[in-house]
Amino acid sequence: MIIYMNFVLKISLSWGYFRLEQESGFFFDMKYFEEEVHNRNWDEVEKYLSGFTKVDDNRYLMKIVFEIRKQKYIEALDKHDRSKAVEILVKDLKVFASFNEDLFKEITQLLTFENFSYTTNIEQLSKYRDTKSARAIMLVELKKLIEAKNPLFRDKLQFPNLKNSILRTLINQRKTLNSILYVLQW
């Protein structure tokens, strides 16, 4: 798997590389994850995470997914898109209500405020200024949860270093094998 991923990356097929990462669960590319968060590709962020683990695998992952969905909700509120915020609240955040009912109630109350950063007791939101800075703050927290605290990611954060010659040798062997098989068919 390492060799295939390295080869796909070398020939600049980044979409294939990230799909291999996700489907194999072999290597978690923090840089790619960060880019997707900064670009607000929330569905892709969760989809990428799901290639490595499930939401209920441990409390750290639940916190990661909660923070992502909460940020998605906050950004909908910031844009004054109440219908989208309600959809996110019901579809994405309600599953966390049983873990912290008080927090869920506070988040729900944000729908009633015109400017939630001045009217909330949620510590992270009291410092809220804009979506970009809030995303950056959230990303710092997510990185801590992934890199330092979550045992499921420990062995998946560093891509093994391979010599290019190994990859080239395997490709050449494959070509030689294909040539031999072609000749044997005749």
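What list of whole percents do you get for P(r) of segment 28-158, with Cα-Cα distances grouped in 5 Å bins up to the one holding the largest distance?
In whole percents, the pair-distance histogram is 2, 10, 21, 24, 21, 13, 7, 2, 0.
On full extension of the chain, what length is gained from Val95 through Asp56, given 0.36 nm per residue of separation minus the C-alpha to C-alpha distance?
12.9 nm
What's the extension gain from Asp155 to Glu67 if we count 0.36 nm per residue and subtract their Cα-Cα distance?
29.4 nm
Taking the Cβ of Ala148 as the center, what net charge do the other residues with Cβ under 13 Å away carry, scoring Lys and Arg +1 and Asp and Glu -1?
+3
Read-outs throughout are calculated quantities, based only on the coordinates presented, and are distinct from any laboratory measurement. Since the model is a prediction, treat every value here as computed from it, not as a measurement. Positions of Cβ are generated from backbone atoms using ideal geometry, with glycine treated the same way; all protein chains shown enter the neighbour counts.
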